[in-house]
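Just below is one structure, and these are the notes that go with it.
The values are calculated or read from the model by the stated rules, or taken from the named source; none is laboratory data. Owing to the predicted nature of the structure, the values given are computational and were not obtained by experimental measurement. Glycine also receives a Cβ, built like all others from the backbone with ideal geometry; neighbour counts cover every protein chain displayed.
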Amino acid sequence: MKRLAKSALLFIAIGLALYAGVYYAAEQLMVQTGRSNPFFKIATAQNSTVDWVILGASHAMPLDFADFNAQMERETQRKILNLAAPGAGPLYNRFVLEHFLHTHRARNLLYVVDSFAFYSRTWNEERFTDAKLLRRTPFEPTIAWRLCDYAGHEGVDARAVLDYVSGFSKINNRERFQRDVWEGEAQFERAYRPSISAVKKCIDYLFPDKTSPAALARYLEEFSAIIALARKEGVNVVVIKMPAPPQFYSRLPDEAGFDDALAHFLAARGVLFHDFSAKTSDPSLYFDTDHLSRAGVTQFFFRDLKPVLVSGEDVSRPVSVTN
């Protein structure tokens, strides 16, 4: 029996050693192919302090496509770190900001808000279990502990912790040799041809649970936690809505109600808010139903965003809403 037990232990030890080796190799490959994951960007950031950190979902991501972030830095003379992620709602963005502020500092936070992110668990609690995000997130003990806390107190599925700690999604990543680039970046130079059916399909995808006052209240509270966290660390908060083509924007469910709730929410907290939703109506300035192309981002940056980034440090300005 003793010999059998020793053999079993040896077998288990060999198995664990092999798994550890595969895990290490997957982690190193992830580092080599990393690009757009927010935690990878934090881990590899060259500056411990930035002038602007950007949070939000995919509508904020074109600001970091190709060389555009570098162009914004040259034009504004500001250090900018874009930590937006596809489908990231306020809960996931709070998770990202907490980790960023654990090791870095920012003078300003630019939060790019999207209504869909405030109406569903899909874009909040369930983002933590998304394999595409987990397999590109570098392993760090502080992230693991924080993820455990979110599983225990924020309604996040415990399987997210198991996946992250075990490296399951990372080891089984079929795209392990491909660079971590969101598919939208490959279309950055494209000029979109409007399609009503594509718009409907996109909106159905973004609002799986439709809209509800309870969900909006729940995730506005998460947004409030982001603002409180930022201010506790001395970070000025500015909120914007990115441009959207009329064909898309007009079909968003109860967008007027969301805009009203958001404006009152931010005004009550003294947060500067710029609504640029209706500033770019030409569909050729988007690469799909609702994301700005390079031409659209360039126009938006020079006309609207650059003044915000240059003057954002002036925290004494009164709250305003730009339409």
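Starting from residues that are touching a Phe, Trp or Tyr at 6+ places or on another chain (Cβ under 7 Å) and among the β-branched types (Val, Ile, Thr), keep the ones in the stretch 37-95 and report whichever is farthest from THR298 (Cα to Cα).
ILE42
Sort out which residues of the stretch 221-238 are among the charged types (D, E, K, R) and without any contact (Cβ under 8 Å) to a residue 60 or more places away in the chain, and write them in order of number.
GLU221, ARG231, LYS232
Pairs under 7 Å by beta carbon, first residue in contact (Cβ under 8 Å) with a residue 12 or more places away in the chain in the stretch 87-103, partner among the acidic types (Asp, Glu) and surrounded by fewer than 21 Cβ atoms within 10 Å (Cβ to Cβ), six or more apart or different chains?
If the second residue must be among the acidic types (Asp, Glu) and surrounded by fewer than 21 Cβ atoms within 10 Å (Cβ to Cβ), the pairs left are PRO90/GLU222; LEU91/GLU125; LEU91/GLU154; LEU91/GLU222; ARG94/GLU222; LEU101/GLU233.
Considering only the stretch 157-272, give the helices (runs of 4 or more DSSP H) lying wholly within it that have at least 1 residues that are among the β-branched types (Val, Ile, Thr).
Fully inside the stretch 157-272 and qualifying: 158-166, 168-171, 196-206, 213-232.
From (1) under 18 Å from the mean Cα position of the chain (by Cα); (2) crowded, with 16+ Cβ neighbours inside 10 Å, pick out the condition that doesn't hold for LEU252.
(1)
One residue is enough: does the stretch 42-58 have a residue meeting the conditions at pLDDT 95 or above, closer than 21 Å to ASP114 by Cβ and of a type in the set (Ser, Thr, Tyr)?
Yes, because at least one residue in the stretch 42-58 is at pLDDT 95 or above, closer than 21 Å to ASP114 by Cβ and of a type in the set (Ser, Thr, Tyr).
Being in contact (Cβ under 8 Å) with a residue 12 or more places away in the chain and assigned to a helix (DSSP H, G or I): is that true of PHE139 here?
It is false that PHE139 is in contact (Cβ under 8 Å) with a residue 12 or more places away in the chain and assigned to a helix (DSSP H, G or I).
Could you list all residues from the stretch 24-34 that are in contact (Cβ under 8 Å) with a residue 24 or more places away in the chain and surrounded by fewer than 18 Cβ atoms within 10 Å (Cβ to Cβ)?
Correct list: GLU27, LEU29, VAL31, THR33.
Of all residues being surrounded by 14 or more Cβ atoms within 10 Å (Cβ to Cβ) and of a type in the set (Ser, Thr, Tyr) in the stretch 174-199, which is nearest to VAL31 (Cα to Cα)? Just the residue, please.
TYR192
If you go through the stretch 255-270, how many residues are within 22 Å of the chain's Cα centre (by Cα), surrounded by fewer than 19 Cβ atoms within 10 Å (Cβ to Cβ) and farther than 18 Å from SER212 by Cβ?
Of the residues in that region, 1 qualify.
Please count how many residues of the stretch 66-107 are more than 10 Å from the chain's Cα centre (by Cα), not in a helix (DSSP H, G or I) and not polar (S, T, N, Q).
Of the residues in that region, 10 qualify.
Determine, yes or no, whether ARG146 is farther than 30 Å from GLU189 by Cβ, at pLDDT 95 or above, assigned to a strand (DSSP E or B) and not acidic (Asp, Glu).
No, not satisfied.
Considering only residues that are touching a Ser or Thr at 6+ places or on another chain (Cβ under 8 Å) and within 11 Å of PRO138 (Cβ to Cβ), look in the stretch 35-57 and name the one that is surrounded by the most Cβ atoms within 10 Å (Cβ to Cβ).
Taking the candidates together, the pick is ASN37.
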